[in-house]
Amino acid sequence: MTNAAGPVIELADVQQTFVSSDGTPVHALEGVSLAIGRHEFVSIIGPSGCGKSTILRLIAGLLRPSAGRVAIFDLQVIEPRDEIGMVFQKPTLLPWLNVLDNVTFPMKHKYGTVDAKDRERALELLALVGLKDFMAKRPDELSGGMQQRVAIARSLLHDPEILLMDEPFSALDALTRDEMSFELLRIWRERPKTVVFVTHSIPEALLLSDRIVVMSARPARVSEIIEVPLERPRSFETLSNPRLHELANAIREKVFSRKLAA
């Protein structure tokens, strides 16, 4: 799902340097350039600590780059923006609120109230993720996968154009992880978004993505951008497709050889 018009998200020669507690500079990103089209699903993979999550935080406006430019719809990102939703590794639900109130909490926090329209949309989203019957439950009454569905519904409440996902399924068991991947594909197909998805799982990236951005070790650069040739819509049969496994092995070899050469 790409668009021939200009990119929705653009990083141009982005550098990011942090200062550690002892004053030592830590160079996280070096010369990262990337353009992502409307409704495109792009995954970012690379070694641990290479700056994948930093890229999401830059797009989200939670960080300012040390150098270079980050833009959304050709406007420089200088602060968080309403057209962005974010899903983290953990669902970060409020344990004292029920499912419906957790989904509507961003509106309550921002505006001090939740109107009937927001509650109606929250119920629609809970139906979309298969949790409408659980709207009165507390988070500790839900499985890990169900909690992450609540987090996804919450991130979609304000109908963002862009969805940033930072290893959202990493804490789930393998079967639930596969289930959540297909759930995400269904949601993305029914409510198209521009998605940037960070993962350590190469098969997961292949299953979900239009393109995969492979990052080098820190200071991270874009080593390669891989077009995923698997047809959509993707299904459980895609997981057993020999082509997926061939692609996964080829990407592993590239990532591993670069890691040894670093």
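The values are calculated or read from the model by the stated rules, or taken from the named source; none is laboratory data. This one's a predicted model, so the numbers in the text were calculated from it and none came from an experiment. Note: ideal-geometry Cβ built from the backbone for every residue, glycine included; neighbour counts use all protein chains shown. For accessibility, only protein heavy atoms count, side chains too; no ligands or nucleic acids. Shrake-Rupley method; radii C 1.70, N 1.55, O 1.52, S 1.80 Å.
A compact table of results
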{"read-out": "Degrees between helix 242-261 axis and first principal axis of the chain (Cα, 0 to 90, nearest 10)", "value": "50"}
{"read-out": "The range 127-262, accessible area per residue, ligands and nucleic acids excluded (1.4 Å, Å²)", "value": "47"}
{"read-out": "Folded to 0 to 90 degrees: helix 116-128 orientation relative to the chain principal axis, Cα", "value": "60"}
{"read-out": "Portion, in percent, of the accessible area of the chain that falls on carbon or sulfur, probe 1.4 Å", "value": "53"}
{"read-out": "Of all DSSP beta bridges in the range 105-232, antiparallel share, percent nearest 5", "value": "50"}
{"read-out": "Charge tally in the Cβ shell below 14 Å around Lys137, where Lys, Arg are +1 and Asp, Glu are -1, Lys137 excluded", "value": "-1"}
{"read-out": "Taking the convex hull of Cα positions in the range 9-130, its mean projected area over all directions (nm²)", "value": "10.3"}
{"read-out": "Long-range amide H partners of Leu163 with built H, under 5 Å", "value": "Gly85, Thr194, Val195, Val196"}
{"read-out": "Nearby aspartates and glutamates by direct alpha-carbon distance to Lys254 (threshold 14 angstrom, same-chain neighbours under 8 apart not counted)", "value": "Glu224, Glu246"}
{"read-out": "Share of alpha-carbon pairs per 5 Å distance bin for the range 51-199, given as whole %", "value": "2, 10, 18, 22, 20, 15, 8, 4, 1, 0"}
{"read-out": "On Cα atoms only, tilt of 144-156 relative to the major axis of the chain in degrees", "value": "90"}
{"read-out": "Listed residue (Val32, Pro168, Ala122) projecting farthest to the positive dipole end of the chain, Cβ model", "value": "Val32"}
{"read-out": "P(r) histogram, all alpha-carbon pairs of the range 129-205 included - 10 Å bins from 0, percent", "value": "17, 54, 28, 2"}
{"read-out": "Calculated over the range 150-262: convex hull of Cα atoms, volume per residue (Å³)", "value": "119"}
